[in-house]
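All remarks here apply to the structure that follows.
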Amino acid sequence: MDTPLRLSEYLAPRYWPTWLLLGILRALAFLPFSAQMRIGRALGTLLYHLVPVRRHVASVNIRLCFSELTASEQKKLLRQHYQSLGMSVMETAALWFTPVEKLLSRVTFIGLEHVKKAQETGQGVLVVQAHFTTMEFLGNLLATQLPIAATYDEPNNAFYRALLNNRRGRFVDDIISHRDVRKIVKRLLSGKVTQYSPDQAAHKSRAVVVDYFGRSTLTTTATSRLAHAGKALVIPYAPRRNKDNLTYEVEFYPPLDHFPTEDLKADTQRINHIFEGHIRQVPEQYLWVHKRFKKSVKNATNPY
């Protein structure tokens with residue numbers, strides 16, 4: 001998908017910090033990948049100290065979701081999470097400025113046959129994943145294996161938004177706002193593959209209260225509703241950065257049987273449980289800095 005980028009539209013002073021960041025990422029992309037990942041971990045450690053508000057959010061989330069861990073274990077996971085965040089910045093630099101073939105040599109795709117077999121039915125396919133720090137990197141590389149559309153939440157910075165869409169356009173079949181339900185459904189009805197991530201805080205009008213890591217919380221019913229309206233098969237997948245911090249896996253699972261049902265709450269709970277399993281495999285790689293529990297059950301105390 002060709003997404004033109006008109007750089008001359010973003011010369012105003014308010015975009016200069018973005019230009020600076022872009023220049024730094026371009027320079028760092030020349031380094032060996034192992035060096036980029038070391039810099040990423042150091043950057044994550046720096047962010048841990050520089051952004052206390054988000055550190056607090058991540059700390060609360062980890063405490064709520066992993067109450068079985070000791071305080072020192074929770075703090076260790078928090079620091080590992082910030083290192084993962086830092087590495088995700090460097091992965092974005094690599095994605096934007098490194099030849100795709102070099103990056104693909106680091107990624108193993110497992111279970112792609114499940115998606116391809118699902119496509120043979122003529123139905124649309126909704127591939128769903130939780131928000132991991134590797135999402136941007138591996139999601140775009142996945143699009144080299146499948147003609148896939150990405151759904152996204154638009155950043156406020158117009159220049160950064162244009163950069164993301166331009167870089168994503170090198171890979172994905174289409175880029176769709178996650179709020180554009182009509183376009184997502186139309187794509188599914190035409191038998192195409194679309195990525196969706198339904199694990200963040202939801203508006204109460206389109207959400208139900210279900211369990212997530214042992215905590216009752218509002219969760220969007222979008223997966224079930226989209227699958228129903230788009231007559232689509234739903235396939236969960238899990239991205240992972242391996243322990244060497246140099247290689248990756250993207251694992252697809254078989255299509256969910258008997259999904260969607262007429263029970264939105266049961267469908268939504270099922271997706272949450274699937275995501276919990278994926279997150280527990282690599283908990284440091286989940287996006288804990290998001291206020292997942294800010295809209296919980298009625299009259300509940302805001303944990304943040």
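The values are calculated or read from the model by the stated rules, or taken from the named source; none is laboratory data. Please read these numbers as outputs of a predicted model, since none were measured by experiment. Note that we place each Cβ from the backbone using ideal geometry, even for glycine, and neighbour counts take in every protein chain shown.
Condition first: crowded, with 23+ Cβ neighbours inside 10 Å and modelled with pLDDT under 95. Can you find one or more residues in the stretch 223-244 that meet it? Checked against the condition, which is being crowded, with 23+ Cβ neighbours inside 10 Å and modelled with pLDDT under 95, the stretch 223-244 yields no hits at all. What single numbered condition from (1) closer than 29 Å to THR220 by Cα; (2) at pLDDT 95 or above fails to hold for ARG106? Of (1) closer than 29 Å to THR220 by Cα; (2) at pLDDT 95 or above, only one is false for ARG106: (1).
Under the condition of being part of a helix (DSSP H, G or I) and either of a type in the set (A, V, I, L, M, F, W, C) or exposed (fewer than 12 other Cβ atoms within 10 Å of the Cβ) (or both), the residues counted in the stretch 1-33 number 16.
Among the residues making up the stretch 176-191, those that are in contact with a strand residue (DSSP E or B) (Cβ under 7 Å, 6 or more places away or on another chain) and buried (at least 17 other Cβ atoms within 10 Å of the Cβ) are ILE176, HIS178, ILE184, ARG187, LEU188. In the stretch 198-215, the qualifying residues are those that are over 24 Å from GLU262 (Cβ atoms) and surrounded by 15 or more Cβ atoms within 10 Å (Cβ to Cβ), and the one that is nearest to the chain's Cα centre (by Cα) is GLN200. Considering the conditions (1) among the aliphatic types (A, V, I, L, M); (2) surrounded by fewer than 20 Cβ atoms within 10 Å (Cβ to Cβ); (3) under 22 Å from ASP244 (Cβ atoms), LEU64 is excluded by exactly one of them, (3). For the structure I just gave you, tell me whether GLY214 is at positive phi and at pLDDT below 95. Answer is yes for this residue. Figure legend. Inter-residue proximity from the stretch 55-69: first residues closer than 19 Å to ASP211 by Cα, second residues acidic (Asp, Glu) and modelled with pLDDT of 95 or more, beta-carbon distance below 9 Å, spacing 6+ or different chains. Indicated pairs: CYS65/GLU276; PHE66/GLU73.
Which of the following residues is of a type outside the set (D, E, K, R), within 23 Å of ILE235 (Cα to Cα) and modelled with pLDDT under 90: HIS178, HIS203, HIS131?
Numbers: HIS203 fails: within 23 Å of ILE235 (Cα to Cα); HIS131 fails: modelled with pLDDT under 90.
Testing whether each residue is of a type outside the set (D, E, K, R), within 23 Å of ILE235 (Cα to Cα) and modelled with pLDDT under 90 leaves just HIS178.
Being at pLDDT below 95 and either within 19 Å of ALA150 (Cα to Cα) or surrounded by 19 or more Cβ atoms within 10 Å (Cβ to Cβ) (or both), is that true of even one residue in the stretch 280-292? Yes, because at least one residue in the stretch 280-292 is at pLDDT below 95 and either within 19 Å of ALA150 (Cα to Cα) or surrounded by 19 or more Cβ atoms within 10 Å (Cβ to Cβ) (or both).
Counting only strands (runs of 3 or more DSSP E) that fall entirely inside the stretch 68-171 and contain at least 3 residues that are among the basic types (Lys, Arg) and surrounded by 18 or more Cβ atoms within 10 Å (Cβ to Cβ), no element qualifies.
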